[in-house]
Each structure stands twice: as structure tokens, then as C-alpha cells.
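The structure under discussion appears below in the form of C-alpha cells.
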Amino acid sequence: MGRTAARLWGLPYPKAWSGKDPVEVAVPLDHTPPKTTGVKGRRLSLDRAQTWKLDGVSVIDPVAALFTCADTLTVDEAVIMIDALLTSASDYPDRRPGLPLVSAAEISERLDIWRAFPGSRTIRAALPLARANVESPKETETRLLMLGAGLPEPAVQHEVYDRRRFIARVDLAYPELKIAIEYEGDGHRTSKEQWRRDIQRQRDLEDRGWIVIRLTQQDLGSGSAAFLTRIRRAILARTA
């Protein structure tokens with residue numbers, strides 16, 4: 001359960017796994033949690049979670065995994081995990097294939113069933129900020145950075161067409177202003193094929209009047225002010 005279940009499902013839990021971290025397990029309310037070194041037990045009502053088998057290991061369902069580690073998350077971290085639950089993207093990094101599709105309505109319903117629990121306020125604050133169809137944690141992080149800076153909310157995974165011809169699907173966009181924001185992970189740098197596709201994609205967008213703003217991890221940290229200024233300038237240029 002908790003962090004262990006989140007990792008088994010491949011959800012983007014913010015803290016890296018350490019060999020010193022205990023394995024977290026859940027037991028029914030009428031059972032005594034284990035007190036073994038390296039194991040952290042917790043009682044959990046049977047009606048609060050479903051049990052799945054992953055490679056022969058029993059694990060609670062993804063929503064229960066989110067709820068049982070909620071007290072260790074910030075609101076932004078919870079949004080990132082919820083986005084990973086909502087997406088149907090097959091290429092979401094590290095997300096376990098076969099993870100059941102979850103809707104925002106289902107998470108809301110489960111919140112009503114669970115009521116108050118450690119971290120429940122965090123999940124309730126995060127859920128309205130979550131969006132479907134996100135394809136990476138960094139995409140969510142970028143969107144939250146923009147919203148936190150007071151910028152308008154961008155569209156997620158916006159598809160660009162020229163008449164009926166598909167041109168590109170961009171991470172984040174202001175379609176009415178033709179501004180695209182693209183996060184470049186290491187895969188874009190180390191793969192020759194991906195690098196070439198990215199260049200051609202940018203050319204295709206710019207040929208059709210789009211401003212393409214590409215960012216890296218640095219822009220989410222020490223370079224965030226310059227990145228946000230670049231977006232504001234692009235918006236100003238398109239609205240002046």
C-alpha cells in the first residue's frame with residue numbers, strides 16, 4: 001500500500017526509492033499489522049480498496065495507493081500523480097502497462113467514501129487541477145508552474161492540423177494564439193531519430209505561424225523566471 005503500491009503501479013511518486021524504505025502493507029481492520037524490520041503495516045477497511053495481482057504480488061488499486069500516500073505529498077505532487085492516473089497515454093514514463101483507467105469522477109466518489117484521512121485535503125485541493133491526456137510528469141509540472149505564475153491555463157496535448165492534414169500534437173498550447181510549449185526530456189537529446197523529428201516538427205509548426213517555446217529541466221528550476229518571461233512575451237506579441 002502507500003508508497004510501495006504507488007511504485008508497483010509505476011505512478012510518479014516524487015521521492016526516489018531507497019533500500020532503506022520499508023515495504024508498506026495493508027491488513028484488514030481485525031488483523032494486527034506486522035511488526036517486522038523493513039515492513040510498515042497499516043489497517044485498512046476492506047471496502048476502501050480493491051486487491052490486484054501484479055507479477056504474483058497482491059497490491060491495492062491505484063486510487064487507494066494514491067490516498068494512502070497522500071499525507072507525504074504536496075498539492076503539486078498530488079496533481080502529478082492524479083494526472084498519471086487519468087491519462088490513457090501508452091507512453092507515459094514508467095507507468096505500468098495495464099494500469100486500470102481512472103476518471104476524475106471516480107476519484108471524487110472514492111473521496112466521498114473515504115471521507116477524512118491523512119492527506120485528504122491535499123487530494124481534494126489537487127483534483128480540480130488535474131487534467132486527462134497528459135503524457136509525462138514534466139508536462140504537468142510545466143503546466144502548474146505556468147498557472148502558479150498567473151498565466152492562462154494552456155490546452156493539454158493539443159493537435160494541430162493544416163486543413164485535414166495532421167501536423168503535430170504539442171504538450172501545451174494556446175491554440176488561439178498559435179503558441180506551443182514543448183518539454184524536452186533526455187530522450188529528445190540522446191535519440192538521433194527523436195532529435196530529427198523534433199526539428200522537423202518545429203519547422204512544420206513555425207511554417208504555419210506557430211511560436212514554439214521549448215524547455216528543459218533547467219527551465220523548471222533555476223531558469224523558470226526566464227522561461228515564464230518568454231511565454232509572457234509571446235502572448236504579448238500575439239495580443240498587441
| request: Please report, as a whole percent, how much of the solvent-accessible surface of the chain comes from carbon and sulfur atoms (probe radius 1.4 Å). | output: 51
| said: Could you compute how much accessible surface V63 exposes when probed at 1.4 Å, giving the result in Å² to the nearest 10? | reply: 0
| query | So how exposed is I80, as accessible area in Å² (1.4 Å probe, rounded to 10)? | reply | 30
| request: Can you work out the accessible area per residue across the chain, with the rest of the protein chains kept in place, probe 1.4 Å, in square angstrom? | output: 55
| said: Under the rule a/c < 1.5 gives rounded, and otherwise a/b versus b/c splits prolate from oblate, where does region 133-219 land using the Cα gyration tensor? | reply: oblate
| remark: With every protein chain in place, the accessible area of H158 for a 1.4 Å probe, in Å² rounded to the nearest 10, comes to 50
| query | What's the center-to-center distance, using Cα atoms, between region 48-103 and region 197-235 in Å? | reply | 30
| note | Sorted by chain and then number, the residues having a modelled amide H within less than 5 Å of the amide H of G10, at least 5 places away or on another chain, are R96
| Past the 20 Å Cα-Cα mark, which pairs from K20/K40; K15/K35; K15/K138? | K15/K35
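Can you say what percent of the DSSP beta bridges in the chain, counting only those with both residues inside, are antiparallel? Round to 5. Show your work: numbers first, answer last.
Values: 14 of 24 bridges.
Counting DSSP beta bridges with both partners in the chain, the antiparallel share is about 60 percent.
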| Which of [x] 26, 21, 18; [y] 38, 18, 16; [z] 40, 25, 14 is the computed semi-axes √(5λ) of the Cα gyration tensor in Å for the structure on display? | [y]
| note | Given the candidates I60, A26, I80, the one whose Cα lies deepest towards the positive end of the charge dipole of region 19-106, counting +1 at each Lys or Arg C-beta and -1 at each Asp or Glu C-beta, is A26
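Just check region 76-204 against the gyration tensor rule for me: Cα atoms, a ≥ b ≥ c as the square roots of the eigenvalues, rounded for a/c under 1.5, and otherwise prolate or oblate depending on whether a/b exceeds b/c. The partial results should precede the final answer.
Details: a/c = 2.14, a/b = 1.78, b/c = 1.20.
Prolate is the answer for region 76-204, as a/c is 1.5 or above and a/b outweighs b/c.
Please compute the Kirkwood hydrodynamic radius over region 4-125, one decimal place, Å, based on all pairs of different Cα atoms.
Details: mean 1/r = 0.0666 Å⁻¹.
In region 4-125 this quantity evaluates to 15.0 Å.
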| Which residues does a label at Q194 reach in region 1-28, if reach means a backbone N under 20 Å from a point 7 Å past the Cα toward the Cβ? | 10-13
| said: Can you sort D55, D91 by solvent-accessible area, 1.4 Å probe, largest first? | reply: D55, D91
| task | For K53, K40, write out the residues from largest to smallest accessible area, computed with a 1.4 angstrom probe and no ligands counted. | result | K53, K40
| said: Order K192, K20 by their accessible area, 1.4 angstrom probe, all chains in place, largest first. | reply: K20, K192
| note | Under 5 Å from the placed amide H of V39, counting only residues 5+ away or on other chains, we find V23
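The values are calculated or read from the model by the stated rules, or taken from the named source; none is laboratory data. Only a predicted model underlies this, so the values are computations on that prediction, with no experimental measurement involved. Positions of Cβ are backbone-derived with ideal geometry, glycine not excepted, and every protein chain shown enters the neighbour counts. Side chains are part of the model used for accessible areas, which takes the heavy atoms of the whole protein and leaves out ligands, DNA and RNA. Shrake-Rupley method; radii C 1.70, N 1.55, O 1.52, S 1.80 Å.
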